[in-house]
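Data block below; observations after.
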Amino acid sequence: MLDSLFSRMCLRNGRRTIITAATKDVPDTSIPWFRISESNPAEHDESCLSRIYTIPSDITASLMSNMTLELRKQTEIFRELVNFNYKKIYDLTSCDNGIQGVGKTTSLLHLIHYGLVKRYFVLHLPWVQTWFRYPRDAVASPLEPDKIDLPESATKWLKYIKEINKVALSQLDLKTTKEYTWSQREITKSGESLSNLIEFGIQRNKFACGVINAVVDELKMASTAGKCRTLVIIDGFNAFTSSITHVKDENHTYVPPERISITSTFLSSVDYNWCNGAAILTVDKRANKDRKDSDYPTYLLGKKGFELLDPFLPICVENYSLDEFKTILEYYKDRKWIKNISDKGQRELELLSNKNPYQLWALCKPLY
Amino acid sequence: MFVGRKFNSLILSNLRCNLENSFQFYSVFPPNYIKPIYKKGEQEALYQEETALKQFSHLPVKPAKTNNTCSEFHDELIRKFTNYIMRKGNKKMARKILDETFENIKIKKLNEYYNTSPEYRENIILDPKVIFYQAVENCTPVLELQKISRGGIAYQVPIPMNENRAQFLSMNWIISTAQNKGNAEKLSDVLAKDIIDAANNQGRVIKKKYDMHKQCEANRAYAHYRWL
């Protein structure tokens, strides 16, 4: 089976198209050279590389609640969302790495768009560290002994999943395959629809983490059976494999991620016992507390995490190429963010930022 | 104490001008050293005129400071404003505040740009630097009050000031009024608001300037104490 998967995998490494989302103000009549009129990422080809395309506003609106602050700000400034993208989707586990501000999160956003257009069921975990770093309420799990639940974030995430997979949930008609007993009175029977299960998780805060576990299991089973295709997208995956989190247990000591109930759920979602789907993960220095020295996945994932994911496709997200750099500056000029920058100034920006997207954005902030 | 003051006023000033004495000056460079011209544009302009170049050809020049760059993003007035914002030598923080301020100005102006109808959009200035210059110019006072004692009574005498002092006051007022707002809002947000207001000739800083002018107008009767 692995061989067939490898043969199906199509990967163009490195280069991306620069995309933006949701424009109402942009006139459709004349399209500048750096834009693409086609907004469907499935139909992009070689000619679309290092050019900008727009995502329809409904997808942006659904993604909006879980984007980073900086991205939200950009969306407001440009009246659209700036984003980065890989050329093709991979039918395998893959793992992005790259230095800070290079566009890992934004390229994931584009993959989500691709998944939504292709009718994948998208399991997008925006930034794992937010669960572990700012735990609002950590309580003992009612289902699994000696584990800790994060019900508030879990409920929030379920709402988000329901929101982005609205179309998939209504069209795919997914059913539970076994009976889940939450408590003496509350039972989810087999054959109930998946959206009902998610709705139950949203309403019964206490069992939200259990519901996440059930949903992931059901999706794995459904996609193995060929009923749907699942796209697992996790940003900052190495938070799961680090040795410590900010969550405290009843003894007021910090617990490792293994003791939190959702960890095992998401680790199993990227496991190799299911097919007909894809998992795209990113690793980032900032996502964990203990490993901060290198950007490479071997180090960031640790031995255990690496063995769990192996074999995966490592993808290095790189800084802008010269073409992309010119395109993005042209785009900023088009959106009135910068204006009077001469060729010398552009060269200076290029050298100062090393064509790093985030640094370029930061440098362009006070300029005009 | 008295001796010290006399030394400062009479002897030290004499020494500083007198180059033959081997005394230590405040600056490493004697006063006949001229300031460096570090902007590329200015240098090229000098090369265009031969007479101007001849004037500088045999003069000793001070070395450029570390913050003097020929980058096109460098601006003298903005550099000065950064230094006025700076507290306890924390220039990194000052620069960050000013960068955020300019970003906020741009965001506010862009919002205004998109909210107006397309015919009037061209009139809106989006450049934060232009807005900043306009704000500083609008806040620049003409007169200030100075205490002068005549016959044992201290009078508040209106006095015109030089350009440098006026510019300093204008920029410092912008900063101090923003800081008066307290910690509830970020300094960069308040500064952005104040600068945009001042550029439109309204707001608290402009009011401060008018108040001062009004006081000078009221104390017009004492104006002759300046020279009498």
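Odds and ends about this structure:
- The residues in the stretch A:61-80 that are more than 14 Å from chain B (Cβ to nearest Cβ), open to solvent by less than 20 Å² (accessible area, probe 1.4 Å) and touching a residue at least 40 places away in the same chain (Cβ under 8 Å) can be counted, and the count is 3.
- Listed by first and then second residue, the pairs linking a residue in the stretch B:70-82 that is within 22 Å of residue B:187 (Cα to Cα) and more than 9 Å from chain A (Cβ to nearest Cβ) to a residue that is open to solvent by less than 50 Å² (accessible area, probe 1.4 Å) and in a loop (DSSP other than H, G, I, E, B), with Cβ atoms under 8 Å apart and 6 or more places separating them unless they lie on different chains, are B:79/B:67.
- Out of A:128, A:216, sole residue that is open to solvent by less than 30 Å² (accessible area, probe 1.4 Å) and touching a Gly at 6+ places or on another chain (Cβ under 8 Å): A:128
- Test: residue in the stretch A:71-81 that is at pLDDT below 70, farther than 30 Å from residue A:180 by Cβ, under 17 Å from the mean Cα position of the chain (by Cα) and not assigned by the TED database to the domain that holds residue A:259: yes
- Residue ID - farthest from the chain's Cα centre (by Cα), chosen from residues in the stretch A:330-341 that are within 14 Å of another protein chain (Cβ to nearest Cβ) and open to solvent by 50 Å² or more (accessible area, probe 1.4 Å): A:340
- Residues in the stretch B:126-156 that are open to solvent by 60 Å² or more (accessible area, probe 1.4 Å) and within 11 Å of another protein chain (Cβ to nearest Cβ): 2 in all.
- Residue ranges of helices (runs of 4 or more DSSP H) in the stretch B:137-228 with at least 3 members more than 26 Å from residue B:106 (Cβ to Cβ): B:163-180, B:204-218
- Scan of the stretch A:311-329 for residues that are open to solvent by 60 Å² or more (accessible area, probe 1.4 Å) and more than 20 Å from the chain's Cα centre (by Cα), ordered by number: A:322, A:323, A:326
- Among all residues of the stretch A:353-361, there is at least one that is without any contact (Cβ under 8 Å) to a residue 60 or more places away in the chain and within 13 Å of chain B (Cβ to nearest Cβ).
- The stretch B:31-46, residues that are over 13 Å from residue B:63 (Cα atoms) and exposed (fewer than 12 other Cβ atoms within 10 Å of the Cβ): B:31, B:32, B:41, B:42, B:44
- Tallying residues that are surrounded by 19 or more Cβ atoms within 10 Å (Cβ to Cβ) and either without any contact (Cβ under 8 Å) to a residue 60 or more places away in the chain or more than 10 Å from every other protein chain (Cβ to nearest Cβ) (or both) within the stretch B:104-125 yields 2.
The values are calculated or read from the model by the stated rules, or taken from the named source; none is laboratory data. Here the structure is a predicted model, which is why all the values come from computation and not from measurement. FYI the Cβ positions are ideal-geometry reconstructions off the backbone, even for glycines, and counts take in every protein chain you see. The protein model used for the area step is the full one, side chains on, heavy atoms only, and it has no ligands, DNA or RNA in it. Shrake-Rupley method; radii C 1.70, N 1.55, O 1.52, S 1.80 Å.
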